[in-house]
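Notes follow once the structure below has been shown.
The numbers here are math on the coordinates, done by the rules we state, and not lab data. No experiment lies behind these values; they were computed from the predicted model shown. Counting neighbours? That spans all protein chains shown, and the Cβs are built from the backbone with ideal geometry, glycine included.
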Amino acid sequence: MLDKIARILKKKGTLFVSDFQYTTWWSKQLIKLMYVFFGMSTRIAARQLAPLNTLILAKEFKTSAHLFRKDGMIFSKGYTKINTD
């Protein structure tokens, strides 16, 4: 999906992402509990968080804005596509 977004987003376009991340012992336990709940109720296959920041930065984006909540466990980031020309 990131390949397609990187391909179709205009140069200097912005991608906004909100997700959870592990920051403390309790955040890891809470996120694990959420995966158990959603796994049972929706049969979602995922069992852990993907390293979104690393994956997005590898697609020639840079962080342009960020906001963290609940000790950093919930984050929102804006990523700007780097002009590669």
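Name the trypsin sites (Lys or Arg not before Pro) in the stretch 30-85 that are in a loop by DSSP and that have at most 13 other C-beta atoms within 10 Å, would you?
ARG43, ARG47, LYS70
Between the helical axis of 25-42 and the dominant principal axis of the chain, each derived from Cα atoms, what acute angle in degrees is found, rounded to the nearest 10?
Compared with the principal axis, the helix lies near 90 degrees.
Within a 10 angstrom radius of the beta carbon, how do MET1, MET73 rank from fewest other beta carbons to most?
MET1, MET73
Output wanted: per-residue J couplings in Hz (rounded whole) for the stretch 48-62, from phi through Karplus 6.51 cos²θ - 1.76 cosθ + 1.60, θ = phi - 60°, x for Gly and Pro.
Per-residue couplings from phi come out as 7, 6, 7, x, 4, 4, 4, 5, 5, 4, 5, 9, 6, 10, 10 Hz.
Would you mind working out the magnitude of the charge dipole of the chain relative to its Cα centre, with +1 at each Lys and Arg C-beta and -1 at each Asp and Glu C-beta, to the nearest 20 Debye?
140 debye
With Kirkwood radius over Cα pairs in Å defined as stated, name the option among (i) 14.3; (ii) 12.7; (iii) 15.1 computed from the structure displayed.
Among (i) 14.3; (ii) 12.7; (iii) 15.1, the one calculated here is (i).
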